[in-house]
1. Taking the stretch 67-79 as the region of interest, how many residues are closer than 16 Å to M181 by Cβ and touching a Gly at 6+ places or on another chain (Cβ under 7 Å)?
2. Condition test on G172, is it within 21 Å of V86 (Cα to Cα) and in contact (Cβ under 8 Å) with a residue 60 or more places away in the chain?
3. Does V86 qualify as being within 20 Å of S182 (Cβ to Cβ) and not charged (D, E, K, R)?
4. Where residues in the stretch 154-185 are under 17 Å from the mean Cα position of the chain (by Cα) and either modelled with pLDDT under 95 or among the charged types (D, E, K, R) (or both), which of them is nearest to A52 (Cα to Cα)?
5. Pick out, from the stretch 120-165, the strands (runs of 3 or more DSSP E) lying fully within it that include 1 or more residues that are surrounded by 12 or more Cβ atoms within 10 Å (Cβ to Cβ) and of a type in the set (F, W, Y).
6. Exactly one condition in (1) outside any loop (DSSP other than H, G, I, E, B); (2) at pLDDT 95 or above is not met by G198; state its number.
7. Could you grab me the full set of residues in the stretch 116-136 that are under 15 Å from L149 (Cβ atoms) and in contact with a Leu (Cβ under 9 Å, 6 or more places away or on another chain)?
Amino acid sequence: MKPFPLIAATLLSLTTSTFAANLLVNPGFENPITYDGGPFVGSWEGFNGGGASAANSLLMPRTGLQSLGLSINSSINTFAGAFQDVDGLAPGMSFSLDGWHVTTSSPLDLGVEIRIEWRNSVSNTEVSRTPNSTPIPTAAYTSFNLSGLVPTGADTARIVYAIQSFSTAPLGNGTVYVDDMSFTVVPEPSSLALLGLGGLAFIAARRKRA
């Protein structure tokens, strides 16, 4: 292969495969989730209110041996879920949050909330958050997706999957299993263009020295 196609292929690989990798740690919940507080980069942190639970489960894995099991046991105004922070982001990056969920409860008397809470690691504050996505799990695994752009001022995404019974009456009840989560990003078009221009400049400089 000639030098130019080789370098071009390398640049293309850098702009696609590197940024398209799944940035979540333990995406299939094969390792234990934690409950010990921050930092929240590199692990899932479980949370729950009274009458609810969030834990690894050997039941209903989509792949592997485990899934995330979230349950509300006949309790209103409570919640359960897990979240993980992904840092090193930049405004304008295109993101995609994907995963799979299923329920063994019929009827399922609770609500699902999937969102991203955008944070700034320097000020340790929330910048904004996506509107809650509220897909309804079924008796077979179905996929969900949340996508868009990293907002101004954010460098960290807090990925949240939760169930709640604030919107159910007279009680909330049911179990949801979550598996195979992924969070991927790609640079904004201007960054891709700069990377491409840098590569072309590198190629031109090499040709002049040859």
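1. First, pick out the residues of the stretch 67-79 that are closer than 16 Å to M181 by Cβ: 67-70.
Then keep just the ones that are touching a Gly at 6+ places or on another chain (Cβ under 7 Å); that gives 70.
Here the count works out to 1.
2. Working: within 21 Å of V86 (Cα to Cα): no; in contact (Cβ under 8 Å) with a residue 60 or more places away in the chain: yes.
Spelling it out, it is not the case that G172 is within 21 Å of V86 (Cα to Cα) and in contact (Cβ under 8 Å) with a residue 60 or more places away in the chain.
3. Details: within 20 Å of S182 (Cβ to Cβ): yes; not charged (D, E, K, R): yes.
Criteria met by V86.
4. As a first pass, look at the stretch 154-185 and keep what is under 17 Å from the mean Cα position of the chain (by Cα): 154-163, 177-185.
Now drop any that are not either modelled with pLDDT under 95 or among the charged types (D, E, K, R) (or both), which leaves 155, 158, 179-180.
Values: D155: 31, R158: 21, D179: 19, D180: 22 Å.
By that ranking, first place goes to D179.
5. Numbers: elements: 125-129, 142-149, 156-164.
Output list reads 142-149, 156-164.
6. Of (1) outside any loop (DSSP other than H, G, I, E, B); (2) at pLDDT 95 or above, only one is false for G198: (2).
7. Pass one, the stretch 116-136, residues under 15 Å from L149 (Cβ atoms): 116, 118, 127-131.
The answer is I116, W118, T130.
Table: residues versus (1) part of a strand (DSSP E or B); (2) touching a residue at least 24 places away in the same chain (Cβ under 8 Å); (3) aromatic (F, W, Y).
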| residue | (1), (2), (3) |
| --- | --- |
| N22 | no, yes, no |
| D36 | no, no, no |
| A55 | yes, no, no |
| T63 | no, yes, no |
| N77 | no, yes, no |
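The values are calculated or read from the model by the stated rules, or taken from the named source; none is laboratory data. Quantities reported herein were computed from a predicted structural model and do not represent experimental measurements. Neighbour counts run over all protein chains shown; Cβ positions are idealised from the backbone, glycine included.
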